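Here's the structure we're looking at; comments come further down.
The values are calculated or read from the model by the stated rules, or taken from the named source; none is laboratory data. These numbers come from a predicted model, not from an experiment. With ideal geometry, Cβ positions are generated from the backbone for all residues, glycine too; neighbour counts draw on all protein chains shown.
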Amino acid sequence: MATPASIRPSISRIVNSTKLFSGANATVGAALPTTSPQRCSFSSTPEYNNRRPRRDNNRLRGLSSIYRSGTRFRMNVDKSEIPQPARYKPEVEVDPNHGLWDFFYSKDKALLTPDEDVEHGRAWVVEELRHKSWEDLHKLWWVCVKEQNRLVTARKERSRLKFTNGLDEGAERLAEVRKTMRSIKHTLTERWYLWEDARKLAQTDPEIDLNNVQSPFTPKDYLEEKIALDDNSQNAITEQAPSGFMAEEPRLARPEDVDPSTISPEPAKTQPSVKP
Amino acid sequence: MAAASGAAGALPFRLGTKKVFLPSHSITFLAPRPNQSPTFATFKVPLTFNKFDIRDYLLHAYNTPVLAVRSQVRQRRDIMKHITGRKFRAPPIKTMTVQLTKPFVWPSMPTDTRPWLLAASTRATDEQTARRRMTMQIRKTGVMPLRDERKESLDRKNLRKEAERLLKEGGWTNRRELDPRFSEKGNVKKS
């Protein structure tokens, strides 16, 4: 078995040489009748004698799908001899109003320099945001979200291009944006608790009817109230027990409001039991 | 958010109905691969995102309708904690590639990279990397490399050169006049 394997390359060489010979004959025969001399060769592939013969006519020598050898197939032509394809890359026109531009600071300047990155203001503080409406806060939140996206895109781009300077500047700017977002959430949480407290207070308030959506607040006349209190002062005190969280104490319980002469001995006894 | 959907015109898909008022996650727009078509755009998204989320997000926040979404989750290597030496799995990275209706070419990045590549910052980064690599090597092999085995530092190289020159030529001076009391020939007063 050893002899055929060793012979095989030599056979291929012989075959190649015969091909070369016939090919040379063909070119000579073709060139003779035509009068116009052809300057460049007909084919871009080099002559047969320039080609590197294979060791053993095995086209797939050294290729393996199991061992991930990659596409290292050997061509008969050198890599430098391969004709380059024409460089055709279509010019794509980007819409100047494309939405994805919002991921960058400007169209001509995709990345801010560290000096430009430093030029930013401070975050919004809670006290400033307390005076803003929900619409304003929501808009500001989305401004922050987009700025955040812009900053993380720039951060990724800096690391992709292996830039070493400007990392801290970007991080500081991002921290300011996050601070604003935190303040917005703080403001909204605060507002929600205030609203909830007010609602619970309104439930205990006799002047406010929460079921009446049109005009929940119906102020009672002072005199009318006083007369009513005089009529059944005893009942009013027992009824107006503090029922809810942060509920205001009943007005009658305050000593400065009450005329001492009108107080009957009974309510004073019931007072301690009412308090939680 | 709802205002933007009007500008996009008739959409070939049905929009989500869940209202998200205050999303705090950040979306990173990633640079395209070398041969990626300009009609595709890739984003790094939080792991909780799904294809519908990014579609509605891009439509409402960026007014960019999307034709199709492909999602990828890339697992990461185990990370060893420096202090405890324990390994833990870092959370995977989710990226989504969307097909755009209008092409978007990634803007050209600055050609003059001097503001981002200062000599000092680059040197600091390189030193840090080298130090970390050496630490990891020591931890891995358990062998501390001797000074001869390490790469010679620039300071040491200069010192060696100077010493060779001194041995060959001599002429060392510190540019100061020697106090006569310390010289061998001088008349030293005995007190």
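Annotations for the structure displayed:
- Single match in A:SER80, A:SER159 (criterion: among the polar types (S, T, N, Q), loosely packed, with under 12 Cβ neighbours inside 10 Å and under 30 Å from B:ALA41 (Cα atoms)): A:SER159
- Screening B:GLU127 on (1) within 14 Å of another protein chain (Cβ to nearest Cβ); (2) assigned to a loop (DSSP other than H, G, I, E, B) shows it passes everything except condition (2).
- Residue match in the range A:88-99 (condition: surrounded by 12 or more Cβ atoms within 10 Å (Cβ to Cβ), of a type outside the set (Phe, Trp, Tyr) and in contact (Cβ under 8 Å) with a residue 24 or more places away in the chain): no
Matching residues to (1) within 14 Å of another protein chain (Cβ to nearest Cβ); (2) part of a loop (DSSP other than H, G, I, E, B); (3) modelled with pLDDT of 80 or more:
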| position | (1), (2), (3) |
| --- | --- |
| A:PRO46 | no, yes, no |
| A:SER65 | no, yes, no |
| A:SER80 | no, no, yes |
| A:GLU93 | yes, yes, yes |
| A:TYR105 | yes, yes, yes |
| A:ASP108 | yes, yes, yes |
| A:GLU116 | yes, no, yes |
| A:GLU127 | no, no, yes |
| A:LYS132 | no, yes, yes |
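- Subset of the range B:20-46 (residues that are at the interface with chain A (Cβ under 10 Å from one of its Cβ atoms) and either part of a strand (DSSP E or B) or among the aromatic types (Phe, Trp, Tyr) (or both)): B:PHE21, B:THR28, B:PHE29, B:LEU30, B:ALA41, B:PHE43, B:LYS44
- Each residue in the range A:161-204 was checked for being modelled with pLDDT under 95, under 30 Å from B:ALA124 (Cα atoms) and among the basic types (Lys, Arg), and 1 of them qualify.
- The set of residues from the range A:159-181 being basic (Lys, Arg) and either more than 7 Å from every other protein chain (Cβ to nearest Cβ) or under 19 Å from A:GLY99 (Cα atoms) (or both) comprises A:LYS162, A:ARG173, A:ARG178, A:LYS179.
- Here B:ASP155 meets each of (1) loosely packed, with under 10 Cβ neighbours inside 10 Å; (2) part of a loop (DSSP other than H, G, I, E, B); (3) of a type in the set (Asp, Glu) with one exception, condition (2).
- So A:SER183, is it surrounded by 19 or more Cβ atoms within 10 Å (Cβ to Cβ) and small (Gly, Ala, Ser): yes
- With respect to the conditions (1) within 11 Å of chain B (Cβ to nearest Cβ); (2) assigned to a helix (DSSP H, G or I); (3) surrounded by fewer than 17 Cβ atoms within 10 Å (Cβ to Cβ), A:LEU151 lacks only one, and its number is (3).
- Considering only residues in the range B:71-118 that are at pLDDT below 90 and of a type in the set (A, V, I, L, M, F, W, C), the one that is surrounded by the fewest Cβ atoms within 10 Å (Cβ to Cβ) turns out to be B:ILE83.
- The condition (being over 20 Å from the mean Cα position of the chain (by Cα) and among the hydrophobic types (A, V, I, L, M, F, W, C)) is satisfied by just one residue among B:LEU117, B:LEU178: B:LEU178.
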